[in-house]
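These notes are about the structure you will find just below.
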Amino acid sequence: MIKVRKPWEISESKVTPEEIYQQRRLFMKAGGTLGTVMLLSPWSNASASLVIGDYQRNVITLDEEITKEADATSYNNFYEFGTGKGDPVKKSQKFDTSDWKITVGGECGKPGEYALEDLIDSSAIEERIYRLRCVEAWSMVIPWLGVPLASILKKLEPNSKARYVAFKTLHDPRQMPGQNRSVLQWPYREGLRIDEAMHPLTLMSVGMYGKTMPNQNGAPIRLVVPWKYGFKSIKSIVSIDFTEEQPSTSWNMSSSREYGFYSNVNPEVNHPRWSQKKERRIGEFFKQDTLMFNGYGEEVASLYDDMDLRVNF
Ligand code: MTE
């Protein structure tokens, strides 16, 4: 189970003042500068088939401090490698992501088995700096590398019955020791409504901090949906399915009362076992206020205009 940590309780007067968090804005730059990924990263044993060359820097950025790379790559949730925050980095280093395939099916014109390079145009890779807010009330700011999920989905030609997109993580208990325990129903499953999946902020990510994706962060390919709790951002994806019905998702299957299908970051809807009003930014001492839609409301609130977010949490 996802558990909240307790020791960061502080007095109200010590939290970030309102003016400061109000200043946190999303910057969308028309054109960033070019950077080149360092292929010989410490995680180069990941050796996925996609070669990342030049990428567009800072396509979306924030005026907030980026989380230290060492923290973002060692404090992880990836239950396939264990439930401890330090388990993924320790237990995933031999995870073989070479010759990775993604199976596409359901309501689309182009079902089949795809290699990463069939789905991702490596010359279109961009860097986006997003907040990541875990449902456990900690957060980070991470520079991801990837392409809009929409650019991939359009190639697959969803038809008019495709109302949702479902994703699955690899199921391979020999490589993923956490799958030998039934903490969740494996494989890990997630899903989005098609308009959420097509939203320009939704990213399919293949790297971070200018490097290919570390195994512990979801190599070789993972989703990043910045306005939703982190568990929606499924790692190590092996299938994409277009469906007419809302797909089942792992955390919702495990406890629907605690983890909704939508799981938009919402400080007004508490987890049944803890408050969602504040969060601890990893690397900082004081908690800060959690923002509605994780600060991306201007971009995404209209997706939910006709919904009661307390019911559809
Ligand atoms: N994807 C899979 N397959 N398995 C997981 O356990 N954990 C989720 C999400 N994606 C998870 C997953 C949770 S709870 C969070 S907060 C983020 O991954 C953490 O991503 P990070 O470790 O890269 O920070």
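Using the structure shown, decide if residue 133 is surrounded by 15 or more Cβ atoms within 10 Å (Cβ to Cβ) and under 26 Å from residue 242 (Cβ atoms). Break it down stepwise before answering.
Working: surrounded by 15 or more Cβ atoms within 10 Å (Cβ to Cβ): yes; under 26 Å from residue 242 (Cβ atoms): no.
The answer is no for residue 133.
Quick one: would you say residue 163 is in contact with an Asp or Glu (Cβ under 8 Å, 6 or more places away or on another chain) and away from the ligand (no atom under 12 Å from the Cβ)?
Values: in contact with an Asp or Glu (Cβ under 8 Å, 6 or more places away or on another chain): yes; away from the ligand (no atom under 12 Å from the Cβ): yes.
Yes.
Looking at 142, 152, which one is within 28 Å of residue 273 (Cβ to Cβ), buried (at least 20 other Cβ atoms within 10 Å of the Cβ) and either touching a helix residue (DSSP H, G or I) at 6+ places or on another chain (Cβ under 7 Å) or among the acidic types (Asp, Glu) (or both)?
Numbers: 152 fails: within 28 Å of residue 273 (Cβ to Cβ).
Unique residue meeting the criteria: 142.
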TODO: Hey, could you check the stretch 281-290 for residues that are charged (D, E, K, R) and outside any loop (DSSP other than H, G, I, E, B) and say which is least open to solvent (accessible area, probe 1.4 Å)?
DONE: 281
Task: Long-range neighbours under 7 Å by Cβ, at least six apart or interchain, first residue farther than 12 Å from residue 79 by Cα within the stretch 163-191, second of a type in the set (Asp, Glu) and within 12 Å of the ligand (Cβ to nearest atom) - done: 167/190
Open item on the list: For the stretch 252-280, give me each residue that is exposed (fewer than 14 other Cβ atoms within 10 Å of the Cβ) and under 19 Å from residue 188 (Cβ atoms).
Closed with: 253, 255, 256
Open item on the list: Condition first: in contact with a Leu (Cβ under 8 Å, 6 or more places away or on another chain) and of a type in the set (Gly, Ala, Ser). Now tell me which residues in the stretch 177-215 satisfy that.
Closed with: 197, 205, 207, 210
- [ ] Look through 132, 145 and report the one residue that is at pLDDT 95 or above, closer than 24 Å to residue 253 by Cα and either among the hydroxyl-bearing types (Ser, Thr, Tyr) or in a strand (DSSP E or B) (or both).
- [x] 132
Task: Answer residue from the stretch 228-270, given it is within 13 Å of the ligand (Cβ to nearest atom), outside any loop (DSSP other than H, G, I, E, B) and not polar (S, T, N, Q) and is nearest to residue 305 (Cα to Cα) among those - done: 228
Task: Residues of the stretch 48-104 that turn out to be open to solvent by less than 20 Å² (accessible area, probe 1.4 Å), within 16 Å of the ligand (Cβ to nearest atom) and part of a loop (DSSP other than H, G, I, E, B), as a count - done: 9
Task: Any chance residue 117 is within 16 Å of the ligand (Cβ to nearest atom), assigned to a helix (DSSP H, G or I) and within 30 Å of residue 242 (Cα to Cα) - done: no
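Which of the residues that make up the stretch 50-71 are charged (D, E, K, R) and over 16 Å from residue 206 (Cα atoms)?
Taking the stretch 50-71 and keeping what is charged (D, E, K, R), we get 54, 57, 63-65, 68-69, 71.
Selection gives 63, 64, 65, 68, 71.
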Open item on the list: Of everything in the stretch 247-300, what is in contact with a strand residue (DSSP E or B) (Cβ under 9 Å, 6 or more places away or on another chain) and among the hydrophobic types (A, V, I, L, M, F, W, C)? Give them in sequence order.
Closed with: 251, 253, 261, 265, 282, 286, 291, 292, 293, 300
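Out of curiosity, is residue 293 in a helix (DSSP H, G or I), surrounded by 15 or more Cβ atoms within 10 Å (Cβ to Cβ) and within 12 Å of the ligand (Cβ to nearest atom)?
Numbers: in a helix (DSSP H, G or I): yes; surrounded by 15 or more Cβ atoms within 10 Å (Cβ to Cβ): yes; within 12 Å of the ligand (Cβ to nearest atom): no.
Taking the combined requirement at face value, the residue does not satisfy it.
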- [ ] Inspect all residues belonging to the stretch 92-100 and state whether any of them is within 16 Å of residue 75 (Cα to Cα) and in contact with a Phe, Trp or Tyr (Cβ under 9 Å, 6 or more places away or on another chain).
- [x] yes
Task: Failed condition for residue 230, given (1) of a type in the set (Gly, Ala, Ser); (2) more than 28 Å from residue 278 (Cβ to Cβ); (3) open to solvent by 10 Å² or more (accessible area, probe 1.4 Å) - done: (2)
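Among the residues of the stretch 296-313 satisfying the criterion of being small (Gly, Ala, Ser) and open to solvent by 30 Å² or more (accessible area, probe 1.4 Å), which is farthest from residue 227 (Cα to Cα)? Step through it out loud before you land on a result.
The first filter runs over the stretch 296-313 and keeps only residues small (Gly, Ala, Ser), leaving 297, 301-302.
Cutting the leftovers down to open to solvent by 30 Å² or more (accessible area, probe 1.4 Å) gives us 301-302.
Values: 301: 10, 302: 13 Å.
Among residues in the stretch 296-313 that are small (Gly, Ala, Ser) and open to solvent by 30 Å² or more (accessible area, probe 1.4 Å), the one farthest from residue 227 (Cα to Cα) is 302.
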- [ ] Tell me, please, whether a residue that is out of contact with any Pro (no Cβ under 7 Å at 6 or more places or on another chain) and without any contact (Cβ under 8 Å) to a residue 40 or more places away in the chain can be found in the stretch 230-249.
- [x] no
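The values are calculated or read from the model by the stated rules, or taken from the named source; none is laboratory data. Here the structure is a predicted model, which is why all the values come from computation and not from measurement. Here Cβ is always computed from backbone atoms with ideal geometry, including for glycine, and neighbour counts include all displayed protein chains. Accessible surface is based on the protein model in full, side chains and every heavy atom, while ligands, DNA and RNA are left aside. Shrake-Rupley method; radii C 1.70, N 1.55, O 1.52, S 1.80 Å.
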